[in-house]
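A short worksheet on the structure shown next.
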Amino acid sequence: MKIIAPAASLMIAASIPCTAVYSADTTKIGYGQGTAVDAQNCPVDAAAFNSRYGDLDAFALSEDDKRIIITFDQGYENGYTEKILDTLKEKNVKAIFFLTGDYAKKETALVKRMIDEGHVLGNHGMTHASLPTLSEAEAEKEIMSLHDFVMNNYGYQMQYFRCPCGEYSEQSLETVQKCGYKTLFWSFAYVDWKTDSQPDPAEGLKKLKESAHGGEILLLHSVSSTNAEILGQAIDEFRAQGYTV
């Protein structure tokens, strides 16, 4: 299978040479985009994250203020990804799917479909281990073992990494960058991953509609029955607000 290059049109911020001197702080930080927003409805904590860590190729927002990027974390399969892919195809939308090693190994048909339909595969860690809890060598293995597996088995070269558990440190962001990756967090997420306590679809759609903002990186989980149900409506709502999805 030929190598399929990730979509260049996503326009996350351009790679910046790492010239700043960091103390390689190993303090574990749990990322959160917060609830405070600016006049453009953009979470101020996400913008602050970009400002602080952009030189480490770590971002919570894209630089395209006319676009919303939809991303999915693929920890395990719960039967909804096929419907999600059907909706994305119907709406002509490309998404980023962040795979764990377990997902990449078990769900070959779905992963191949993601590639064939032009979606972007992202790296969510071979074992979904929190990078700040690992040594630098262990963190590199967590990233690159999955990178190599996907390359060898799917002919696809990943370039975006999402920190498992949303946990990072300056040192771990530096390690991700050294591995040739950009780190993508998110500028909006909601509690959609509890499979036994799913949000009401109308309420979920309301949250997605009201949180929309330029440059948004939206985090969704594919295990959510609610997301599978409302995704098409959410895309229509974003477009009605003038955003490219």
Seminar exercise, completed: In the chain, whole DSSP H helices that both stretch 20 Å or further along their axis by alpha carbon positions and average at least -0.5 on the Kyte-Doolittle scale are 225-240
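Mind pulling the per residue volume of the convex hull built on the Cα atoms of segment 62-240? Å³ is fine. Don't jump to the answer; show the numbers that get you there.
Working: hull volume 20.0 nm³, N = 179.
Once divided by residue count, the hull of segment 62-240 is 112 Å³.
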Problem set entry | Residues of type lysines that Lys209 reaches as a straight line, Cα spacing below 26 Å, ignoring anything fewer than 8 places off in the same chain | Lys66, Lys83, Lys89, Lys91, Lys94, Lys194
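Restricting to bridges with both residues inside segment 62-240, how much of the DSSP beta-bridge set is antiparallel, in percent to the nearest 5? Mind showing how you got there, number by number?
Values: 0 of 19 bridges.
Once the DSSP bridges in segment 62-240 are tallied, antiparallel ones form about 0 percent.
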For this session: For the chain, give the magnitude of the charge dipole about the Cα centre (Cβ charges: +1 Lys/Arg, -1 Asp/Glu; no others), in debye to the nearest 20.
Result: 500 debye
For this session: Find which of Gly34, Gly155, His128 sits farthest along the positive direction of the dipole of the chain, computed with +1 on the beta-carbon of Lys and Arg, -1 on that of Asp and Glu, about the Cα centre.
Result: Gly155
For this session: Sort 187-194, 94-101, 228-235 for me by packing, meaning the mean count of neighbouring Cβ atoms within 10 Å per residue, highest on top.
Result: 94-101, 228-235, 187-194
Exercise. Ordered by packing density, taken as the mean number of other Cβ atoms within 10 Å over each peptide's residues, highest first, how do 149-155, 162-168 rank?
Worked result: 162-168, 149-155
For this session: Arrange Arg67, Arg52, Arg113 by Cβ neighbour counts within 10 Å, fewest through most, would you?
Result: Arg52, Arg113, Arg67
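Since every read-out is calculated from the coordinates, none of them should be taken as a lab result. Just so you know, these numbers come straight off a predicted model, no measurement behind them. Glycine gets a Cβ as well: all are built from the backbone with ideal geometry, and neighbour counts include every protein chain shown.
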